[in-house]
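Report on the structure given below.
Where a number appears in this text, it was derived from the coordinates with a stated rule and is not lab data. This structure is a prediction, so every number in the text was calculated from the model and none was measured. Reconstructed Cβ throughout: ideal geometry from the backbone, glycine too, with neighbour counts over all protein chains shown.
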């Protein structure tokens, strides 16, 4: 599933396409994605101008001039592509939503697994939206640091890796970047979250910020489905320190022939870690 860097990369690509443009048409080629489209979904979007495109955790949020917000979640395989007005459009099998803009450009949402989500809601209700109301701090915001993370981890007995996947602890972190950040901070992924020292919590917050920033600069990570708006892939996967490297040396390995990257299952997800550097 796309994590913060991948979603932010998509948002940045959509900004020049959507912001300050009016939605001239909405075509739905199926009844829903992860859940059915609301009956007023297309009608609420149609004719509106997109004032601003934001991101919260793994959600893209479009502020509309009719005092509604368009929420987009890419699920596991969702992506957008554009098509010029002069080209003939014939929907492909997994093209589920087609947005026509005031300049004639088509914005096409494709989702083979249909785990994505789209809905519109009154902007005044955002703070109470079930998907948004309990999200933790954004790791790239200035206010995210060691003390902020420690406050979210305090008294938690679950493993730190599982805690980082909880969007109420920190928003936008998924399996890949949790593994990478824990390696960078030198923390055993099975350590109880509430027992991590103040110093280590600072290191972990810094590691999360750095990993996210580096991944964003690389256009995110493409393991299977992630695509940028122009169809290109991210390339941060070439810089993984431990993720996907089971049995191989960790990044800049100085473990001197000792055990290489290992895996365990935590919360139904595979955790990659170095048993030497993460203690």
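Remarks
- Between the range 123-152 and the range 87-111, the alpha-carbon centres lie 33 Å apart.
- Relative contact order of the range 4-118, defined on C-alpha pairs under 8 angstrom at six or more residues apart (%): 30
- Relative contact order for the range 94-167: 17 percent, from Cα pairs under 8 Å spaced at least 6 residues apart, divided by residue count.
- Mean Cα-pair separation over length for the chain, i.e. relative contact order, pairs under 8 Å, 6 or more apart, %: 18
- Fewest-first ordering of 250, 49 by other beta carbons within 10 Å of each residue's beta carbon gives 49, 250.
- Label point distance in nm, residue 151-residue 66, each placed 7 Å from Cα along Cα→Cβ: 3.8
- Our analysis of the range 109-230 gives Rg over Rh at 1.01, with the two radii drawn from alpha carbon positions and Rh computed by the Kirkwood formula.
- Fewest neighbouring Cβ atoms within 10 Å first, the residues 204, 165, 28 line up as 28, 165, 204.
- Volume per residue of the convex hull around the Cα atoms, evaluated for the range 151-195, comes out as 64 Å³.
- Calculated FRET value between residue 133 and residue 28, using beta carbons and R₀ = 45 Å, to 0.05: 0.95
- Relative to the longest principal axis of the Cα atoms of the chain, the long axis of helix 198-217 makes an angle of roughly 40 degrees.
- Legend: calculated FRET efficiency, residue 83 to residue 126, from the Cβ-Cβ distance at R0 = 35 Å, rounded to 0.05, equals 0.70.
- Length added when fully stretched, residue 49-residue 90, from 0.36 nm per residue minus Cα-Cα: 12.2 nm
- Summed over qualifying helices (DSSP H, 4 residues or more, each -39500 (n - 2.57)) and divided by its residue number, the chain shows a 222 nm mean residue ellipticity of -7000 deg cm²/dmol.
- Between residue 188 and residue 259, the contour length at 0.36 nm per residue exceeds the Cα-Cα span by 24.1 nm.
- Peptide ranges 103-111, 125-133 listed from the most packed, as the mean C-beta count within 10 angstrom indicates: 103-111, 125-133
- The chain: proportion of alpha-carbon pairs further apart than 36 angstrom, %: 21
- Relative to the longest principal axis of the Cα atoms of the chain, helix 4-18 runs at roughly 20 degrees.
- Tilt relative to the chain, helix 175-185 - C-alpha long axis, 0 to 90 degrees, to 10: 40
- With neighbour counts taken as other beta-carbon atoms within 10 Å, the residues 134, 86, 58 rank, fewest first, as 86, 134, 58.
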